[in-house]
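First up is the structure itself, then whatever we jot down about it.
The values are calculated or read from the model by the stated rules, or taken from the named source; none is laboratory data. As the structure is a prediction and not an experimental result, all values here were calculated from the model. Backbone-built Cβ (ideal geometry, glycine too); neighbour counts: all protein chains shown.
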Amino acid sequence: MFLTPWPSYARPFPSPAELFLRTFNEANPRHDHAVTATEVEDGWELSAEIPSCSVEDVKIEVKGDTVTIHAAAKAPPPAGWVLVRRERPEVEFTEHFRFFKPIDVDHVEAAVKDGVLTVKVPRLAPPAARVIPVASH
């Protein structure tokens, strides 16, 4: 809603600002979560606020150099109850993190504590140098 000197019926077309906000609010609904990505000594750490999500509601997928976090928590009222007010919205989001340095896919770890998901993504260690013997024919 924008404050303008003209009522909405006097404007036949929405303003560019209204079109922009309408487009991106419909395509990308309100974020009710906060995601932080930090680089640490041995890799990266991703933290996401996932209130009212249990471990079963979270799915983490590692594919190549991309880590995808998907969380969805539906909180229906108990059977026979009617929902009158909801303070905490239902959570559903998907975030993709692409790393431009090799990651160690086999050692990615995730844990949930106090409504915060922490994903540790270690860097792939460079291969160790080795000596190649030279054979004579």
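Just one of the numbered conditions (1) touching a Pro at 6+ places or on another chain (Cβ under 9 Å); (2) farther than 16 Å from GLY64 by Cβ; (3) among the basic types (Lys, Arg) is not true of ARG130; which one? Answer for ARG130: the failing condition is (1).
Here is the figure for region 92-137: residues that are in contact (Cβ under 8 Å) with a residue 24 or more places away in the chain and acidic (Asp, Glu) total 2.
Being among the aliphatic types (A, V, I, L, M), exposed (fewer than 15 other Cβ atoms within 10 Å of the Cβ) and closer than 14 Å to TRP44 by Cβ is the filter here; which residues of region 103-128 pass it? Matches in region 103-128: VAL105 only.
In this structure, THR38 does not satisfy being modelled with pLDDT of 75 or more and touching a Ser or Thr at 6+ places or on another chain (Cβ under 7 Å). If only residues of region 46-102 that are aromatic (Phe, Trp, Tyr) and surrounded by 15 or more Cβ atoms within 10 Å (Cβ to Cβ) are counted, the one that is modelled with the lowest pLDDT is PHE93.
Inclusion of SER8 among residues that are more than 20 Å from PHE100 (Cβ to Cβ), at pLDDT below 65 and not aromatic (Phe, Trp, Tyr) is warranted. Somewhere in region 110-130, is a residue β-branched (Val, Ile, Thr), in a loop (DSSP other than H, G, I, E, B) and modelled with pLDDT of 90 or more? No: region 110-130 contains no residue that is β-branched (Val, Ile, Thr), in a loop (DSSP other than H, G, I, E, B) and modelled with pLDDT of 90 or more.
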